[in-house]
Amino acid sequence: MSLDRNDVLHEAAALLTRRATASMDDIAKAAGISRATLHRHFAGRDALIRALEELGIERFEAALDTARIEEGDAVEALRRLVAALQPVSGFLAFLYSESQLFEGEEVNAGWARLDARLTALFRRGQEQGNLRIDLTPVWLTEALYGLVASAAWSVHDGRLAAKDMEYMVLELLLGGALRRSGDA
């Protein structure tokens, strides 16, 4: 039986999201492999974390593509995006909590690509007159990351039903970001 590297990374992300201090032994056990096998694929914890971050960024970019965020009404694009992010929200939760611990040019470039696309989406929503202009696109991007990560943690811990995640994220984000009559 061949080892599926992405399956190992998914198991690692799921475990590390729950227990950030999990050992390589714990990660190997969660993935159903030996520690030696884990070390053959990832030289150590830092290498594993970097691989998780690269895969997470790749999955997040794929969700952006799936949601076609550059097309049409920005609010509808945002709705498509949150739906597309739900299957990879656990990765985002992990990345969101780990992003300050491990950095490098490739990782920073990946985050910069994500940030640029999301910021452009929020800016377009402001230009279309649908989103408040007193909240910067950069802040709205950070708020989206935080809400999706928080929802993923809540689903994982059983405090939020997975079927409610999309609704909860969108209602809270758009409830605070939508322009209302009389707003500046």
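Computed from the coordinates by the stated procedures, all read-outs in this text should not be read as laboratory data. Predicted model, so just to flag it, every value in this text is computed and none were measured. Backbone-built Cβ (ideal geometry, glycine too); neighbour counts: all protein chains shown.
For the chain, the share of alpha carbon pairs falling in successive 10 Å distance bins from zero is 9, 35, 32, 17, 6, 1, 0 percent. Each of Gly129, Leu95, Tyr145 was placed along the dipole of the stretch 52-177 (beta-carbon charges, centred on the mean Cα), and the one lying farthest toward the positive end is Gly129.
Could you give the length gained by full extension between Glu71 and Arg18, i.e. 0.36 nm per residue of separation minus their alpha carbon distance, to one decimal place? All intermediate terms of the calculation are to be shown ahead of the outcome.
Details: separation 53, 0.36 × 53 = 19.08 nm, distance 3.57 nm.
15.5 nm is the gain from fully extending Glu71 to Arg18.
Potential lengthening of the chain between His39 and Asp26 amounts to 3.4 nm, from the contour at 0.36 nm per residue minus the alpha-carbon distance.
Its Cα centre serving as origin, the chain has a Cβ charge dipole (Lys and Arg +1, Asp and Glu -1) of approximately 320 debye. When only alpha carbons are used to place a centre, the stretch 29-48 and the stretch 110-140 end up 38 Å from one another. Note on the chain: with a GNM built from Cα contacts shorter than 10 Å, the maximum mean-square fluctuation among Arg68, Arg159, Arg59 falls on Arg159.
Gyration tensor analysis over the Cα atoms of the stretch 1-98 returns equivalent ellipsoid semi-axes of 30, 13, 10 Å (largest first, whole Å).
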